1. When you go through (1) under 22 Å from B:VAL80 (Cα atoms); (2) free of Cβ contacts under 8 Å to residues at least 40 places away in the same chain; (3) of a type outside the set (A, V, I, L, M) one by one for B:SER234, which number turns out not to apply?
2. From the residues in segment B:109-150 that are within 20 Å of B:SER234 (Cβ to Cβ) and at pLDDT below 90, which one is nearest to the other protein chains (Cβ to nearest Cβ)?
3. Residues in segment A:352-367 that are assigned to a helix (DSSP H, G or I) and at the interface with chain B (Cβ under 10 Å from one of its Cβ atoms): how many?
4. A:PHE150 - would you say it is surrounded by 21 or more Cβ atoms within 10 Å (Cβ to Cβ), more than 14 Å from chain B (Cβ to nearest Cβ) and of a type outside the set (A, V, I, L, M)?
5. Tell me the helices (runs of 4 or more DSSP H) entirely within segment B:151-226 that contain at least 2 residues that are more than 13 Å from chain A (Cβ to nearest Cβ) and touching a helix residue (DSSP H, G or I) at 6+ places or on another chain (Cβ under 7 Å).
6. Among the numbered criteria (1) of a type in the set (Ser, Thr, Tyr); (2) in contact with a Pro (Cβ under 8 Å, 6 or more places away or on another chain); (3) more than 9 Å from chain B (Cβ to nearest Cβ), which single criterion is violated by A:THR334?
7. Without any contact (Cβ under 8 Å) to a residue 40 or more places away in the chain, closer than 20 Å to B:SER184 by Cα and of a type outside the set (D, E, K, R): which single residue out of A:ALA322, A:ALA308, A:ALA347 fits that description?
Amino acid sequence: MTSWVWVIVLAWGLALENPPKQAAGPLGEVLSRYERGDYQEPTLNATLTTDTLARELEVAAAMWVHTAGAVNLARRRVIVSTFVLEIVQARIEAARSKPIAQWIQEWPALRSLIEWACAFLRSNPQPTAGERLWHLAALDVAAHVPDNPFISGLPRDTSPDRATQMRQQYGAALDHGRHALSRFPDDRVFELMILESRESIHSVGSLIQRRREVSQSELDKLQEEARSFSPSRRSISRRSGAMPDGGSMSSMSGPGAVRNWAVTETLSTVSRLQTAARELQELEPVEETRAEVHLNLGAIALCFADRAKALEHFAQIGQSPADSYSRYLGHFLTGRVHELRGERAEAEAAYRRALQVLPRMQSATTALAALLFTGGRRAEAAALIDQTLALPADTSDPWVDFQQGGRERWPDLIRQLRASF
Amino acid sequence: LTSVLVRWALALVAVCVSVPTDTPSSSLQQPSFRSDVELVVVDVSVTNRSRSVQGLEPTDFQLLDNGVPQRIDLLSSDTVPIDVSVIVDISSSIGKNTSRFNAAVLRMRNLLRPEDRLALLTASAPSKEVFSFQSPMEPLTVGEFAASGNEVIFDAIGQVLMRGTTAANRHLVVAFTDGWDTRSVLAGTDLIEIARRADGVLHVALLKSRNSRADDVPRTAAEATGGRLHSDTSPDDIERTFAKIFAEYRQAYLLRYTPQGVPREGWHEITVRVVRPPGNRYTVRARKGYVGG
C-alpha cells in the first residue's frame, strides 16, 4: 500500500516537472520554446491577429503558468508577460512602414494586450525584480509610441465629454503607469518616466531643434495677447492654466484662429514644461535619476532662453552617475548652447566630447561638421561626414530618442528580462 | 578664397577651353592654368519657358560680384564630368512611395555619361550611404527601400552638400522628399547657411502626396545654390523629373571669373543676367553668392 502511495506521489511530481505539452495547446508549446530561449517566437507569431492572440492567451497562459507548479508561478507570469511585450514591440516595429491611419487602428488592441499582461503579472501576490523590469519595459514601449494617456492618464485639459470618450476607448489601459507605481510606490524611475510622458518633455526636443526659445519678455507678450482673445476663444486658460481667468472650450474658428492656436499651443507647452521643471526638482536628490533630471531641466531651461542655467544643468550630468545616453546628450546640448551664444570653440569641444562617448552618432557628427563647414574648415567637415557614412549606421541616436519619448531603454531591458527567466 | 569652387576651378581650367568675354566662343584657345589667382566658377542655367537656352556667348551675360561687373570666361560644360548625389527620403511619412525609388534610381544611371558618377544616400534617421560615387558603367546594388524611421531630410541634404565631391567634377545634388523634417539636427537656417557656402547645385523634388509639405527651407536652400524646388512631383514621375533636372544641369553655362574691384573677405553676392538679346524674358538661375577669404 505504501509503495502505491509513493508511486502516485512520484508520478505527480514527474508530471509537474514535465507537464504535458498539449495542456496549454499550441500557444503553450510556443511559450515553452520561448522559455527555453527561442526568442524568435514573438516574431514568428506575427501572423496571428492581435485579437486572436488575446483570446488564446486568455485561455492558454494561465494553464501554461500552472503546469510548472507553484514555485514557478511568479517566474512564468513574467515570461508570459514578456512574451506579450515582445509581440507588441515586434508589431510596432513592423508598423513603422505602414500608413499612419492603419497604425492608429492597430495600436489600441496592442495597448490592451499590454494591459492584459500587466494585470496577469499583478496577479502575483508579491512584486518581483522581474516584474519591475517588465513595467519599465512596458512604459518604455508606450512612451515611444507615444501614448501619453496610456502612461499617465487623462491630459489636464481634457473636457468632460472627451474624458468620457477616452475612458471608453482606453478602458483599463488608461493610466497604466499608476499600475506600475501601485506595485513599486517608492520607485523614482517610474515617477520620472511618467512625469516625462505626462508633461510631454520630449516636445522640448523639437523646440530646441527649431532653435525656438521663449524669453520672459516674449512670454509676457503672448500672455497679454491671449488676454485679448474674445471669451469664446479663451480655451487657452483651460488648456494651459496660463491665464488667471477661466474660459470656455469653444472652437477656435474664425479670423485669427491660426494665430490664436499658435499662442495657445505655445503657452500650453510653456505651462507643461514649468510644471515638469518643478516636479523634476523634487527628483533631483535621488542618485538613480539625477543625471536624467539634469538633462531634462537643462533642456527646459534652454527652451526658456536661460542658457547659463542650461549649461549648469548639463555640467551636473558629468558629476552624477550617468549612462552614455545622458552623458552624450549633456555634451551635445552643451554644444548647442555654446553655438547659440556664438562660442564656436566651446561648441566644437562639446561636440567632440559627445563623440568620445558615442563615436558613431550622426547628431553630434552633423552638428560638428556644420560648425566646421560654416567656419571655413570645409575639408575637416567633409572628412567627418565621409567617416560617419562609411560606418554601419547606428539607429539608436540619443538625440532622436530624446525627441520621441526619451531614452530608449528597450534593448537593455529585454536583455535583462530574458536573462531573468 | 578657400572655397572648393576655387580648387575645382584650378584643376578644371587645365582641361577647359577659356573664352574671354570679348572673344567669340567658337574661337578655341589654348587651355590656361593660373595658380596664383582666385577663380570663381558659377553654374548658370538659362531657360525660356522651361526649355534650356543654348548658344549664348560670354558677352550675352553680365555678372556682378557684390554689385561690381566682372570680366567672365565661358567654360565648356560638356567637357566636365558630373558627380550626381541622389538623396531619397525613405522616412515613414513617405510610405509606400519608397517602392518606386529602387527602379527609378537604376534607370537614372542610364542618363549619365561614362565619365560621370552617381552616389545614393537614403534619408531616414540615420542617413545611410547606399553607394558612394561610382561610374554608371559599374554594376549597381540598390536593394529594396522600406519606409521607416524619422524624417531627417535637412541633415541628409546638409551632409551631402558639406561632403561635396573630391574630384574635379561638377556636383549636382537631387533630393526626393515629401518635405517633412521632424528630427534633424540642422535647423532650417543651418541648412540654408550650408547651401549658401556649398559648391554643389541642389534641386529638391517635392513628392506629391497627402503628406507632402511645401516648406520654404528646401526652396531657399536650393535657390541659394542655383538649383530650385520642383513642387508636385508625382511619385510615378521620379525618373522623368530627374531627367529634366539632369538635362538642365548639363546644359548650364559655366561662367568663370577672377573677382576684381571687391574685397576678398566676407560674403560675395553674385548677380547674373542675360543682357542679349535685349528684352529677353529668360529665367536665369545661379548661386546667390559665396564666401571669400
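1. Here B:SER234 meets the rest and fails (1).
2. In this case the residue turns out to be B:ALA147.
3. Let us first name the residues in segment A:352-367 that are assigned to a helix (DSSP H, G or I), namely A:352-357, A:362-367.
Now restrict to residues that are at the interface with chain B (Cβ under 10 Å from one of its Cβ atoms): A:362-367.
Looking only at that region, the number is 6.
4. Details: surrounded by 21 or more Cβ atoms within 10 Å (Cβ to Cβ): yes; more than 14 Å from chain B (Cβ to nearest Cβ): yes; of a type outside the set (A, V, I, L, M): yes.
Spelling it out, A:PHE150 is indeed surrounded by 21 or more Cβ atoms within 10 Å (Cβ to Cβ), more than 14 Å from chain B (Cβ to nearest Cβ) and of a type outside the set (A, V, I, L, M).
5. On the way: elements: B:153-163, B:188-197, B:216-225.
Filter on segment B:151-226 gives B:216-225.
6. In the conditions (1) of a type in the set (Ser, Thr, Tyr); (2) in contact with a Pro (Cβ under 8 Å, 6 or more places away or on another chain); (3) more than 9 Å from chain B (Cβ to nearest Cβ), A:THR334 misses (2) alone.
7. Working: A:ALA322 fails: closer than 20 Å to B:SER184 by Cα; A:ALA308 fails: closer than 20 Å to B:SER184 by Cα.
One residue alone meets the criteria, A:ALA347.
Residues checked against (1) surrounded by 19 or more Cβ atoms within 10 Å (Cβ to Cβ); (2) modelled with pLDDT under 70; (3) over 24 Å from the mean Cα position of the chain (by Cα):
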| position | (1), (2), (3) |
| --- | --- |
| B:PRO20 | no, yes, yes |
| B:PRO24 | no, yes, yes |
| B:GLY55 | no, no, no |
| B:ASP73 | yes, no, no |
| B:ALA104 | yes, no, no |
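The values are calculated or read from the model by the stated rules, or taken from the named source; none is laboratory data. The model shown is predicted, which means the values in this text are computed figures rather than measured ones. Cβ atoms come from the backbone with ideal geometry, glycine included; neighbour counts cover every protein chain shown.
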